[in-house]
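Novice: To start, I am sharing the structure in question, which I have written as structure tokens.
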Amino acid sequence: MDCCASIARALLIFFNFIFWICGGAILGVGIWFLVDKDISSRIEIVQIDSGDDYFKYAAYLFIAFGAFVFIVGFAGMCGAIRASKCLLGFYIFFVLLVIFAEIGAAVLLILYRMEVEDNIVKLLQENIKKRYGEETVRTGWDLAQLEFECCGAVNSMDYNETTYKFPNAGQTFPNTCCKLSNRDAALDDPSKATPSNSALCYARDNSEINTKGCKDSLKDWALKHSTIIIGVGIGIAVLEIFSIVWACCFCRNIGKDD
């Protein structure tokens, strides 16, 4: 086997080692986005209905990619060490499949980003109007309003459109829109949120209610986290392309020797 083949073989082994590490990174990012309470609650409030799951679908795809990459990387490593054209052929085929799947996940996230950037106010207001009766959505809004000290998409008037019945007399928006006497406890359990002065808050007194809407904070959050996934995916795709190039070079030299 000549010098070029030896170099291609060494580079292929090296890239597969990096491939394994990146596979773990993809797997970890996908799991993080699904199990983190803050992230999952934010996802709920930027969806008009339960079918708008671009973000979750992309996260599931990345989890599948991460697990699959370990298998593919193993095939590539074995193929390089054993100089097996069969294993390297499977490796090239499966890496191409992973690249196409990553492109699909990236398209989902780009659609999600475009929807958030162009229609953030409408998305949030429609979410309150149509889905605020769902417990997971209420929890998402409560946590966001507590963390960002905001209320509704634009202001508390957004809650006038919901059919949800608030528990207290004169209450037309969540307690988490109010200045609270127990904010730290409410961050652990939003249902325990207690306004410092509920009468003034429910009357929309500016001294007792969060007057800022959540739209800007939620938009920044959504774009930041989708950028993380897209960035990881692009980095992996670049490594995969290099791996395919070196695997092809190595396969060609194996054929010449035969």
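The values are calculated or read from the model by the stated rules, or taken from the named source; none is laboratory data. All values reported here derive from a predicted model rather than from experimental measurement. Cβ coordinates were reconstructed from backbone atoms using ideal geometry, including for glycine residues, and neighbour counts include every protein chain displayed. Note: accessible area is taken over every heavy atom of the protein model, side chains too, but ligands, DNA and RNA are not part of it. Shrake-Rupley method; radii C 1.70, N 1.55, O 1.52, S 1.80 Å.
Novice: Return yes when Val245 is hydrophobic (A, V, I, L, M, F, W, C), out of contact with any helix residue (DSSP H, G or I) (no Cβ under 9 Å at 6 or more places or on another chain), without any contact (Cβ under 8 Å) to a residue 12 or more places away in the chain and assigned to a helix (DSSP H, G or I) and no when it is not.
Specialist: No: the conditions fail for Val245.
Novice: The conditions are (1) within 19 Å of Ile128 (Cα to Cα); (2) over 31 Å from the mean Cα position of the chain (by Cα); (3) of a type in the set (Asp, Glu), and Glu149 fails exactly one of them. Which is it?
Specialist: So Glu149 meets the others, but not (2).
Novice: Let me confirm something: among Ile103, Ile81, which residue is surrounded by fewer than 18 Cβ atoms within 10 Å (Cβ to Cβ), farther than 23 Å from Phe14 by Cα and at pLDDT 75 or above? Break it down stepwise before answering.
Specialist: Details: Ile81 fails: farther than 23 Å from Phe14 by Cα.
Exactly one of Ile103, Ile81 is surrounded by fewer than 18 Cβ atoms within 10 Å (Cβ to Cβ), farther than 23 Å from Phe14 by Cα and at pLDDT 75 or above, namely Ile103.
For (1) in a helix (DSSP H, G or I); (2) modelled with pLDDT of 75 or more; (3) under 30 Å from Gly133 (Cβ atoms), each residue gets a yes or a no:
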residue	(1), (2), (3)
Leu27	yes, yes, no
Ile39	yes, no, yes
Ile43	yes, no, yes
Phe55	yes, no, yes
Ala67	yes, yes, no
Phe70	yes, no, no
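Novice: If you scan the stretch 210-242, which residues turn out to be of a type in the set (A, V, I, L, M, F, W, C) and farther than 20 Å from Thr139 by Cβ? Steps first, answer last, please.
Specialist: At the first step, the residues of the stretch 210-242 found to be of a type in the set (A, V, I, L, M, F, W, C) are 214, 218, 221-223, 228-230, 232, 234, 236-239, 241-242.
Scanning the stretch 210-242 gives Leu223, Ile228, Ile229, Ile230, Val232, Ile234, Ile236, Ala237, Val238, Leu239, Ile241, Phe242.
Novice: Moving on to the next point. Looking only at the stretch 190-222, count every residue that is in a helix (DSSP H, G or I), open to solvent by less than 50 Å² (accessible area, probe 1.4 Å) and either acidic (Asp, Glu) or at pLDDT below 75 (or both) and tell me the total.
Specialist: Matching residues across the stretch 190-222 total 1.
Novice: Output yes when any residue across the stretch 145-158 is over 22 Å from Tyr57 (Cα atoms), aromatic (Phe, Trp, Tyr) and open to solvent by 50 Å² or more (accessible area, probe 1.4 Å), and no when none is.
Specialist: For the stretch 145-158, residues over 22 Å from Tyr57 (Cα atoms), aromatic (Phe, Trp, Tyr) and open to solvent by 50 Å² or more (accessible area, probe 1.4 Å): absent.
Novice: Tell me which of these Glu126 doesn't satisfy, since it passes every other one: (1) more than 30 Å from Cys22 (Cα to Cα); (2) out of contact with any Lys or Arg (no Cβ under 9 Å at 6 or more places or on another chain); (3) open to solvent by 50 Å² or more (accessible area, probe 1.4 Å).
Specialist: The failed condition is (3).
Novice: Is one or more of the residues making up the stretch 157-176 within 22 Å of Asp205 (Cβ to Cβ), of a type in the set (Val, Ile, Thr) and assigned to a loop (DSSP other than H, G, I, E, B)?
Specialist: yes
Novice: Given the condition in a helix (DSSP H, G or I), within 22 Å of Leu223 (Cα to Cα) and either touching a Leu at 6+ places or on another chain (Cβ under 8 Å) or not hydrophobic (A, V, I, L, M, F, W, C) (or both), answer yes or no: does some residue in the stretch 73-81 qualify?
Specialist: Scanning the stretch 73-81, I find no residue that is in a helix (DSSP H, G or I), within 22 Å of Leu223 (Cα to Cα) and either touching a Leu at 6+ places or on another chain (Cβ under 8 Å) or not hydrophobic (A, V, I, L, M, F, W, C) (or both), so the answer is no.
Table: residues versus (1) of a type in the set (Ser, Thr, Tyr); (2) in contact (Cβ under 8 Å) with a residue 24 or more places away in the chain; (3) out of contact with any Ser or Thr (no Cβ under 6 Å at 6 or more places or on another chain); (4) not in a helix (DSSP H, G or I).
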site	(1), (2), (3), (4)
Ile99	no, yes, yes, no
Ile120	no, yes, yes, no
Gln125	no, yes, yes, no
Ile128	no, yes, no, no
Thr136	yes, yes, yes, no
Ala153	no, yes, yes, yes
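Novice: A further question follows. Would you mind finding the one in Lys212, Lys219, Lys224, Lys192 that is farther than 30 Å from Ala80 by Cβ and over 27 Å from the mean Cα position of the chain (by Cα)?
Specialist: Lys192
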